[in-house]
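Visitor: Got a structure for you, written out below as structure tokens; questions coming shortly.
The values are calculated or read from the model by the stated rules, or taken from the named source; none is laboratory data. Keep in mind it's a predicted model, so treat the numbers as computed, not measured. Here the Cβ positions follow ideal geometry from the backbone for every residue, glycine too, while neighbour counts run over all protein chains shown. Just the protein is used for accessible areas: all its heavy atoms, side chains included, with ligands, DNA and RNA removed. Shrake-Rupley method; radii C 1.70, N 1.55, O 1.52, S 1.80 Å.
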Amino acid sequence: MQAVPFFQHDLGRPELDEIADVFAGPMLTTGDKVAEFERAFADYLGRRHVLGVTSCTGALHMALLALNIGPGDEVITTPMTFVATSTAILESGARPIFVDVEPDTGNLDACLVEAAITPRTRAILPVHLYGLMCDMRALREIADRFGLAIIEDCAHCVEGMRDGVRPGEFSDCACFSFYATKNLTCGEGGAITADRDDLIERLRLLRLHGMTKTAADRYREGYAHWDVTMLGWKYNMDNIQAAILMPQLRRLEVKLRDRERLAARYIEILSCVPGVTIPASRRHAIHARHLFPVFVDAKERDRLISEFSKRQIGTVVNYRPIHLLKYFRETLGYCDGDFPVAEAIGAETISLPFYPTMPFEFLDIVAEALASALHSAPAVHALA
Ligand SMILES: Cc1ncc(COP(=O)(O)O)c(C=O)c1O
């Protein structure tokens, strides 16, 4: 039986060479390699400033703090995402206010946002789920009308574009993840954009204890007394993480083309399988193709996951909706039925194996496993 992993990174010689470059110098923590990565990533995105950080969760937390969002404030966001989108809001002291999602994409439904705005609302925090950007033009129009900030969770979407808008372009801050399975990865890591000079300076302080000097400053300029001008955190990316990211940044577009070819083939073969729905893209969108989920009958979903597991095919659920997780039910008082579209997707979704170096024959193995598992409902089901 051919095992098919859910994900396989493609890091190797180029990353090792770049790490060797860091090892040859004195600075392992935040220094020249991080600055090089920040410049290159800002250029790639077409943004003025980027800071390298330790995670997207940290980036989201910092963005909220930099925008002075905290206790008593509300942030409108999606329940159909990884839990970090909401825990970052709670860490800032603000309250996440969920809005339901579009049934065909799982993205925050811009048409429902306005109804959730209250006098306490300070920001909208959309997530570009699976790699498809939300309708940023619609969200920006609402944010401008109500004087709200926008913080983008771009953990799934570096390469995307929609209606001519790219990540970071229509928001105050955009937050990226370089977690182990992301399109750009260094194991753990992240980045944040901000075009406003005052905002990036606040973020720079928030990233490192609120200190006015860093180790790299001391190395370059010699020791000078430093001060702490605000309460900061410990979210700085180090030179080794930046070294791992640099070669991947150079091949980002080539890898996107590889994933596009794989996605096109998955779509072709899975469209013929009854009972499988593939989440939609949008016209005028470049989909970053981070994940490849399918929606199946909710009654069959968990059985399919165990069938895949028996065949050593890796799958993941992205996501069970946040509002139904124990902590959120208990502390925020959410319950079943609050966001029916997110709940339906949460019950129906399975993410299939997907990574740029995945052999084409693996797609056929996965599709065949899905089709045969779907059409071999166990006897208990037949009796039920
Ligand atoms: C949508 C989304 N937001 C936020 C995060 C958190 O990213 P990190 O692990 O870099 O903190 C993730 C990570 O998987 C994610 O998928």
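Visitor: Of the residues in segment 149-165, how many are away from the ligand (no atom under 13 Å from the Cβ) and under 12 Å from residue 77 (Cβ atoms)?
Guide: Residues in segment 149-165 being away from the ligand (no atom under 13 Å from the Cβ) and under 12 Å from residue 77 (Cβ atoms): 1 in total.
Visitor: Residues 187, 210: which one is at pLDDT 95 or above, within 16 Å of the ligand (Cβ to nearest atom) and either touching a Ser or Thr at 6+ places or on another chain (Cβ under 7 Å) or on the phi > 0 side of the Ramachandran plot (or both)?
Guide: 187
Visitor: For segment 272-295, which positions are among the small types (Gly, Ala, Ser) and under 21 Å from the mean Cα position of the chain (by Cα)? Let's see the steps before the verdict.
Guide: Going residue by residue through segment 272-295, those that are among the small types (Gly, Ala, Ser) are 275, 280-281, 285, 288.
Of everything in segment 272-295, those that are among the small types (Gly, Ala, Ser) and under 21 Å from the mean Cα position of the chain (by Cα) turn out to be 280, 281, 285, 288.
Visitor: Of all residues in segment 199-248, how many are in a helix (DSSP H, G or I) and of a type outside the set (Gly, Ala, Ser)? It would help to see each step written out before you state the result.
Guide: So the first thing to find is which residues in segment 199-248 are in a helix (DSSP H, G or I), and the list is 199-207, 215-221, 239-248.
Of the ones still in play, those that are also of a type outside the set (Gly, Ala, Ser) are 199-207, 217-221, 239-241, 244-248.
Number of matching residues: 22.
Visitor: Further question on the same structure: Just checking, does segment 20-28 include any residue being away from the ligand (no atom under 16 Å from the Cβ), assigned to a helix (DSSP H, G or I), surrounded by fewer than 21 Cβ atoms within 10 Å (Cβ to Cβ) and without any contact (Cβ under 8 Å) to a residue 24 or more places away in the chain?
Guide: yes
Visitor: Out of curiosity, is residue 235 at pLDDT 95 or above, of a type in the set (Phe, Trp, Tyr) and within 30 Å of residue 17 (Cβ to Cβ)? Even if it seems obvious, please write down each step before you answer.
Guide: Values: at pLDDT 95 or above: yes; of a type in the set (Phe, Trp, Tyr): yes; within 30 Å of residue 17 (Cβ to Cβ): yes.
In short, yes.
Visitor: Another question, then. Kindly list the number of the only condition in (1) surrounded by fewer than 24 Cβ atoms within 10 Å (Cβ to Cβ); (2) away from the ligand (no atom under 16 Å from the Cβ) that fails for residue 180.
Guide: Of the numbered conditions (1) surrounded by fewer than 24 Cβ atoms within 10 Å (Cβ to Cβ); (2) away from the ligand (no atom under 16 Å from the Cβ), the odd one out for residue 180 is (2).
Visitor: Then there is this: List the residue pairs whose Cβ atoms are under 9 Å apart, where the first residue sits in segment 86-113 and is under 15 Å from residue 130 (Cα atoms), the second is assigned to a helix (DSSP H, G or I) and aromatic (Phe, Trp, Tyr), and the two are 6 or more positions apart or on different chains.
Guide: 105/130; 106/130; 107/130
Visitor: Name, by its number, the condition in (1) buried (at least 21 other Cβ atoms within 10 Å of the Cβ); (2) more than 20 Å from residue 58 (Cβ to Cβ); (3) of a type in the set (D, E, K, R) that does not hold for residue 220.
Guide: The single condition residue 220 does not satisfy is (1).
Visitor: Report yes if residue 135 is open to solvent by 20 Å² or more (accessible area, probe 1.4 Å), among the charged types (D, E, K, R), away from the ligand (no atom under 16 Å from the Cβ) and under 25 Å from residue 183 (Cβ atoms), otherwise no. Write out each step before concluding.
Guide: Details: open to solvent by 20 Å² or more (accessible area, probe 1.4 Å): yes; among the charged types (D, E, K, R): yes; away from the ligand (no atom under 16 Å from the Cβ): yes; under 25 Å from residue 183 (Cβ atoms): yes.
The answer is yes for residue 135.
Visitor: Only residues that are open to solvent by 10 Å² or more (accessible area, probe 1.4 Å) and within 19 Å of the chain's Cα centre (by Cα): list them for segment 104-130, please.
Guide: 104, 109, 110
Visitor: Moving to a separate point now. Which of the residues belonging to segment 45-64 are under 16 Å from the mean Cα position of the chain (by Cα) and either in a loop (DSSP other than H, G, I, E, B) or among the small types (Gly, Ala, Ser) (or both)?
Guide: Matches in segment 45-64: 52, 54, 55, 58, 59, 63.
Visitor: Next question. When you scan segment 254-281, how many residues do you find that are assigned to a loop (DSSP other than H, G, I, E, B) and open to solvent by 30 Å² or more (accessible area, probe 1.4 Å)? Talk me through it step by step, then tell me what you get.
Guide: Residues of segment 254-281 assigned to a loop (DSSP other than H, G, I, E, B): 271-276, 278-281.
From what's left, open to solvent by 30 Å² or more (accessible area, probe 1.4 Å): 271-272, 274-275, 278, 280-281.
Residues flagged as assigned to a loop (DSSP other than H, G, I, E, B) and open to solvent by 30 Å² or more (accessible area, probe 1.4 Å) within segment 254-281 amount to 7.
Visitor: Let me ask you something else. Say whether the condition of being at pLDDT 95 or above, polar (S, T, N, Q), away from the ligand (no atom under 14 Å from the Cβ) and open to solvent by 30 Å² or more (accessible area, probe 1.4 Å) is met by at least one residue in segment 89-100. Don't jump to the end; show me each part of the working.
Guide: The first filter runs over segment 89-100 and keeps only residues at pLDDT 95 or above, leaving 89-100.
Right, trim to polar (S, T, N, Q) and you get 92.
Among the residues that remain, those that are also away from the ligand (no atom under 14 Å from the Cβ) are: 92.
In the following step, the residues that additionally are open to solvent by 30 Å² or more (accessible area, probe 1.4 Å) were identified as none.
Scanning segment 89-100 turns up no residue that is at pLDDT 95 or above, polar (S, T, N, Q), away from the ligand (no atom under 14 Å from the Cβ) and open to solvent by 30 Å² or more (accessible area, probe 1.4 Å).
Visitor: Which ones in segment 39-56 are under 25 Å from residue 164 (Cβ atoms), touching a residue at least 40 places away in the same chain (Cβ under 8 Å) and either open to solvent by 40 Å² or more (accessible area, probe 1.4 Å) or in contact with a strand residue (DSSP E or B) (Cβ under 7 Å, 6 or more places away or on another chain) (or both)? Walk me through it before giving the result.
Guide: Within segment 39-56, the subset under 25 Å from residue 164 (Cβ atoms) is 39-50, 56.
Next cut, touching a residue at least 40 places away in the same chain (Cβ under 8 Å) only: 40-42, 44-50, 56.
41, 42, 44, 45, 46, 47, 48, 49, 50, 56 - these are the residues of segment 39-56 that are under 25 Å from residue 164 (Cβ atoms), touching a residue at least 40 places away in the same chain (Cβ under 8 Å) and either open to solvent by 40 Å² or more (accessible area, probe 1.4 Å) or in contact with a strand residue (DSSP E or B) (Cβ under 7 Å, 6 or more places away or on another chain) (or both).
Visitor: Evaluate the following for residue 34: is it surrounded by 20 or more Cβ atoms within 10 Å (Cβ to Cβ), within 30 Å of residue 367 (Cβ to Cβ) and in contact (Cβ under 8 Å) with a residue 40 or more places away in the chain? Lay out the reasoning, then the answer.
Guide: Numbers: surrounded by 20 or more Cβ atoms within 10 Å (Cβ to Cβ): yes; within 30 Å of residue 367 (Cβ to Cβ): no; in contact (Cβ under 8 Å) with a residue 40 or more places away in the chain: yes.
So residue 34 does not fit the description; no.
Visitor: Turning to a different aspect of this structure: Residues in segment 235-250: is at least one touching a residue at least 12 places away in the same chain (Cβ under 8 Å), within 16 Å of the ligand (Cβ to nearest atom), small (Gly, Ala, Ser) and surrounded by fewer than 17 Cβ atoms within 10 Å (Cβ to Cβ)?
Guide: Within segment 235-250, not a single residue is touching a residue at least 12 places away in the same chain (Cβ under 8 Å), within 16 Å of the ligand (Cβ to nearest atom), small (Gly, Ala, Ser) and surrounded by fewer than 17 Cβ atoms within 10 Å (Cβ to Cβ).
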